[in-house]
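Visitor: This structure is in structure tokens; I'll ask about it shortly.
The values are calculated or read from the model by the stated rules, or taken from the named source; none is laboratory data. It should be emphasised that the depicted structure is a prediction, and the values quoted were computed from it without experimental measurement. Don't worry about glycine lacking a Cβ; one is built from the backbone with ideal geometry, like all the others, and counts go over all protein chains shown. Areas reflect the complete protein model, heavy atoms only, side chains present, ligands, DNA and RNA absent. Shrake-Rupley method; radii C 1.70, N 1.55, O 1.52, S 1.80 Å.
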Amino acid sequence: MLSSVSAESRAIIRYYAEKYRSQGAELLGKTIEERGLVEQWLEVEAHNFHPPAYNLCLHGLFGSLFGVTPDPKVIEESEAKLVQVLNIYEERLSKTKYLAGDFFSIADISHLPFLDYVVNNMGKKYLLKERKHVGAWWDDISSRPSWNKVLQLYRAPI
């Protein structure tokens, strides 16, 4: 269920990035080469980052909401897989400011929800801070006014 929501979320962010492109939001990249890198890193997020982050959050944070019994082995394995992905990100971010290059894109945006859960709800900020470039990237993308507005709306009492 949550995985299909994430797949739909990627389609939605692609749609809005394209829709508002003429208003100066170059979240898809300015050139075909940049667009290719954005798409490449969206695929990395979908197939390499999302599965362990999802399992980590499902078993370590949301299990009871979805009738899933937390499994310590799944939590441990998911964190180990996430560490491997973050190591690859560290290498990439040692060369560029953002995942797709030196511009903020939907490739970065797609990481915000699960990283926020991992860092702020699960207390695993060390996973990012142990990696200088990943930590700087997280500080940058998570401090953007638009993301803080999303969090404010999300966390507002109903």
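Visitor: Quick one: in region 123-145, of everything that is part of a loop (DSSP other than H, G, I, E, B) and within 15 Å of the chain's Cα centre (by Cα), which residue is surrounded by the most Cβ atoms within 10 Å (Cβ to Cβ)?
Guide: Here the residue is Lys124.
Visitor: Quick test for you: out of Asp102, Asp116, Asp108, pick the one residue that is loosely packed, with under 13 Cβ neighbours inside 10 Å, under 26 Å from Arg21 (Cβ atoms) and of a type in the set (Asp, Glu).
Guide: Values: Asp116 fails: loosely packed, with under 13 Cβ neighbours inside 10 Å; Asp108 fails: loosely packed, with under 13 Cβ neighbours inside 10 Å.
One residue alone meets the criteria, Asp102.
Visitor: If you take the residues of region 47-71 that are modelled with pLDDT of 90 or more and open to solvent by 60 Å² or more (accessible area, probe 1.4 Å), which of them is nearest to Asn121 (Cα to Cα)?
Guide: Filtering region 47-71 down to residues modelled with pLDDT of 90 or more leaves 47-57.
Narrowing the set further to residues that are open to solvent by 60 Å² or more (accessible area, probe 1.4 Å) leaves 47-48.
Working: His47: 23, Asn48: 21 Å.
The qualifying residue nearest to Asn121 (Cα to Cα) is Asn48.
Visitor: Taking Asn121 and the conditions (1) out of contact with any Phe, Trp or Tyr (no Cβ under 8 Å at 6 or more places or on another chain); (2) at pLDDT 95 or above, which numbered condition does it fall short on, given that it satisfies the others?
Guide: Going through the list (1) out of contact with any Phe, Trp or Tyr (no Cβ under 8 Å at 6 or more places or on another chain); (2) at pLDDT 95 or above, Asn121 breaks only (2).
Visitor: Only one residue in Ile32, Ile88 is loosely packed, with under 13 Cβ neighbours inside 10 Å and modelled with pLDDT of 95 or more. Which one?
Guide: None of the others qualify; the one that does is Ile32.
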